[in-house]
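Here the structure is laid out as structure tokens; the discussion comes afterwards.
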Amino acid sequence: MESTSRSLASLALFRQLYDQKNNVFEIVELFIEKICYDHKLVQFTEFTISDWMKRDYGFDLPPAVIKTASSKIKEVSRINGQFVFTEKNKYKEDGALSEISDSHDLIWNKLVHFVESKIENRLDEKEKRILTQSLGAFLLEETSSSKYSTYVGAFVLECSQDKGLYKQLQTIREGFVLYTGLEFEANVNELGSWIKPMIFYLDTEILFHSQGLNGDLFLSSFNDFYDYVLEINRKRAKTIQLKYFSSTKDEIIQYFNTARGIVENESARGPMKTAMQSIVNGCDAGSDVIIKEAQFFESLVGMGILEDDSDNYFDHDKHEYNLISSKKLEELTNRYNGYDKVERILGELNKINIKRGEHTPKYFEDSRYVFLTGKGITLSIAWDDELRESCKIPLATNLTFIINRFWFKLNKGFGTNTPVSFDVIKNAQILLSSKLNDSVASKYNILRDEAKSGKLNESQISSAIVRLRAESKKPEEINVSEIDEVIDLISEKSIDRYLLERDKLNLEIKAKSEENEKVNSLAEKLRQENIASQLRLEEETSKLRQERIKVLEGKKETLFALRSIKVSAENRVLKRTRIVDNWITFFLVMFIVVIVALILRFGWDLMEPITYLMSIIGTVALIIYLIQTGRSFNLFTTRDEYLKKLYSYEYKKMELNLKKLEELEAECKALEELLN
């Protein structure tokens with residue numbers, strides 16, 4: 001327990017020092033200085049410091065990293081292959097590690113109290129050690145099947161309500177990201193860019209992540225990875241390539257075929273996984289699933305994720321790189337339960353090994369080909385000793401590891417855009433979701449076995465399946481308010497509760513049915529009364545409608561008569577206006593003819609002053625008119641005013657009331673709308 005706690009405290013210190021230095025090598029320098037100070041080392045090698053790092057802090061840094069950091073210490077010189085303090089070690093103990101250890105004691109005590117309250121029992125020292133290992137495994141991304149891993153996830157999720165505890169846990173997590181960046185670093189001089197070309201082969205789950213079929217949290221995690229890929233490829237095209245095997249494509253096609261069967265039969269045999277739910281949701285027919293399948297593969301092509309077109313994996317010259325043997329397959333099958341499953345996974349890993357060929361990388365960046373998976377069993381097989389003998393760098397890894405490597409290698413730092421996988425709360429949600437869905441799958445297998453043995457009838461099976469489906473949750477759907485319920489669901493190993501709930505539900509349904517019969521009887525009586533009332537209402541409505549039609553017809557007759565009078569009056573005005581217009585036109589034309597004739601008769605010299613005088617007289621007359629009337633003169637405006645007076649005169653003469661006409665038109669329109 002003490003060793004694990006110290007390792008976690010060391011990671012937290014690593015993260016806090018990063019805030020001060022913002023350079024990982026300066027942090028390593030401080031640890032080297034502290035080790036030399038604590039153990040009174042005047043001269044040392046990178047291997048000596050590496051050993052002390054493991055003992056004091058649990059760090060397993062590459063000697064190359066320690067060598068680079070040691071060479072940067074001002075007081076140290078390289079003499080005869082050793083680092084020597086040529087000046088006094090200026091390290092000063094500040095007690096930071098002790099303070100962090102104290103804060104983690106607080107986390108530990110709260111965790112123990114949390115677990116004891118949930119299991120309603122005290123933990124002895126042995127159980128506390130197992131619990132410590134579970135907490136360490138969670139924060140350090142180690143695979144753990146401990147009985148306390150569920151409680152650790154629930155505890156971390158509950159810590160989201162306590163900013164202090166959340167910050168401490170997050171500090172450890174981010175310290176681990178920094179540490180692993182150094183631990184797997186091949187070339188410390190290449191920080192800030194990714195140079196080595198690599199091809200990642202994505203498995204089914206990762207492809208589902210890329211399209212959001214496994215939920216928003218996994219989509220966000222994939223987007224973090226994909227954004228880094230795009231950034232790397234912008235600097236150097238096709239440095240990182242994304243592909244998938246034809247066997248993966250076959251698995252996806254089969255998945256969509258299953259989804260089509262569910263939609264067409266309107267039922268599923270068991271609880272559906274998140275991806276299956278995402279595919280089926282919104283589909284009314286099998287053709288809708290086919291469309292989704294086509295869109296899925298089109299989207300992959302649009303993202304540059306292509307199917308592997310190699311078909312020479314089994315050529316004679318590739319035989320020496322083959323991993324699969326009957327003995328190895330048998331041993332792995334016994335270890336991981338399931339021949340078909342192990343054979344398929346081993347086949348995909350075998351292709352990666354064949355791709356690598358004679359190339360045996362020492363560092364991850366040199367591996368060239370990697371299988372990127374979202375399945376725990378694939379990672380377990382890839383890291384199994386049976387395969388690690390021939391593959392120093394595992395053939396498969398997960399999104400979190402790749403994101404950590406990209407983030408560190410590209411020298412991103414912590415800020416507002418840190419990857420989702422760095423967040424301990426999001427990781428807790430993923431852990432609990434995985435445990436919950438595994439529990440649902442396990443219960444379904446029990447249900448299926450009991451159904452085969454004839455212990456359960458069809459009705460019991462259907463009822464239990466409905467309950468099991470409701471328990472499956474995406475990571476983002478698990479929140480603090482559901483912690484107790486989630487723990488109970490994961491801890492429950494039997495299906496008896498579902499069957500008891502069904503019997504209880506049947507009794508409730510029977511009681512409800514009797515109550516419904518009474519309600520239905522009363523409802524029928526009210527319905528009959530309502531029908532009678534409705535008939536009376538329809539009869540009254542019909543009478544009212546007929547009366548409105550008669551009124552409308554009478555108003556339309558009156559409206560027709562008034563419009564006829566209005567048209568007659570307007571025609572009279574137009575006739576008089578046309579006569580006046582013709583006379584005015586005639587006089588103007590005659591005036592021009594007379595003037596032209598006089599000019600031709602008496603000559604322009606005599607007529608010129610007369611025409612000027614006439615112009616002056618006309619202008620003066622107009623001015624006098626404007627002064628006397630106090631208004632401007634416009635021929636067309638004057639004509640319009642004259643026409644208005646004529647219209648008004650004719651309307652009055654024929655006793656036509658325009659206001660009454662407009663009101664009548666509005667009433668007719670309103671009645672027509674009411675009737676329609």
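Whether a residue is open to solvent by 20 Å² or more (accessible area, probe 1.4 Å) and either hydroxyl-bearing (S, T, Y) or outside any helix (DSSP H, G or I) (or both) was assessed, and K435 does not pass this test. No other residue among R356, R335 is touching a strand residue (DSSP E or B) at 6+ places or on another chain (Cβ under 8 Å), touching a residue at least 24 places away in the same chain (Cβ under 8 Å) and among the charged types (D, E, K, R) apart from R356.
A single entry from R601, R572, R563, R578 fulfils the requirement of being within 30 Å of E662 (Cβ to Cβ) and modelled with pLDDT of 80 or more: R578. For the range 636-676, filtering for residues that are of a type in the set (D, E) and either at pLDDT below 75 or more than 30 Å from K543 (Cα to Cα) (or both) leaves 4. The set of residues in the range 419-451 being more than 22 Å from S134 (Cα to Cα) and at pLDDT 85 or above consists of P419 alone. Please indicate, with yes or no, whether at least one residue in the range 656-676 is open to solvent by 60 Å² or more (accessible area, probe 1.4 Å) and over 30 Å from R545 (Cα atoms). No, that holds for no residue. Of all residue pairs spaced 6 or more apart or on separate chains, those with beta-carbon atoms under 7 Å, a first member in the range 289-313 that is closer than 23 Å to F225 by Cβ and a second member that is open to solvent by 40 Å² or more (accessible area, probe 1.4 Å) and part of a loop (DSSP other than H, G, I, E, B) are F296/Q211; S299/Q211. Apart from one condition, L242 fits all of (1) outside any helix (DSSP H, G or I); (2) modelled with pLDDT under 95; the exception is (2). Criterion applied to E665, E650 was being part of a helix (DSSP H, G or I), under 60 Å from the mean Cα position of the chain (by Cα) and not aliphatic (A, V, I, L, M), and the one residue passing it is E665.
For E515, the requirement of being within 57 Å of the chain's Cα centre (by Cα), open to solvent by less than 100 Å² (accessible area, probe 1.4 Å) and acidic (D, E) is met. Of the set (1) within 29 Å of N312 (Cβ to Cβ); (2) free of Cβ contacts under 8 Å to residues at least 12 places away in the same chain; (3) not hydroxyl-bearing (S, T, Y), all apply to I252 but (2). For the range 558-572, residues that are of a type in the set (A, V, I, L, M, F, W, C) and open to solvent by 100 Å² or more (accessible area, probe 1.4 Å) total 1.
If you go through the range 24-47 and keep only what is surrounded by fewer than 19 Cβ atoms within 10 Å (Cβ to Cβ) and over 43 Å from the mean Cα position of the chain (by Cα), you end up with Y37, D38, H39, K40, L41, V42, Q43, T45, F47. Screening the range 573-614 for residues that are of a type in the set (D, E, K, R) and open to solvent by less than 100 Å² (accessible area, probe 1.4 Å) and picking the one that is farthest from L646 (Cα to Cα) gives E608.
I need the full set of residues from the range 458-476 which are at pLDDT below 80, under 24 Å from the mean Cα position of the chain (by Cα) and open to solvent by less than 30 Å² (accessible area, probe 1.4 Å), in order please.
E471, S472
From the list N233, N223, N257, the one residue that fits, being in contact with a strand residue (DSSP E or B) (Cβ under 8 Å, 6 or more places away or on another chain), in a helix (DSSP H, G or I) and open to solvent by 20 Å² or more (accessible area, probe 1.4 Å), is N233. Applying the set (1) under 35 Å from the mean Cα position of the chain (by Cα); (2) under 22 Å from N312 (Cα atoms); (3) open to solvent by less than 50 Å² (accessible area, probe 1.4 Å) to E343 leaves exactly one unmet item: (3). Quick test for you: out of N506, N479, pick the one residue that is modelled with pLDDT of 75 or more, surrounded by fewer than 19 Cβ atoms within 10 Å (Cβ to Cβ), on the phi < 0 side of the Ramachandran plot and not acidic (D, E). Matching residue, one of N506, N479: N479.
The values are calculated or read from the model by the stated rules, or taken from the named source; none is laboratory data. Owing to the predicted nature of the structure, the values given are computational and were not obtained by experimental measurement. We place every Cβ from the backbone using ideal geometry, glycine too, and count neighbours over all the protein chains shown. Side chains are part of the model used for accessible areas, which takes the heavy atoms of the whole protein and leaves out ligands, DNA and RNA. Shrake-Rupley method; radii C 1.70, N 1.55, O 1.52, S 1.80 Å.
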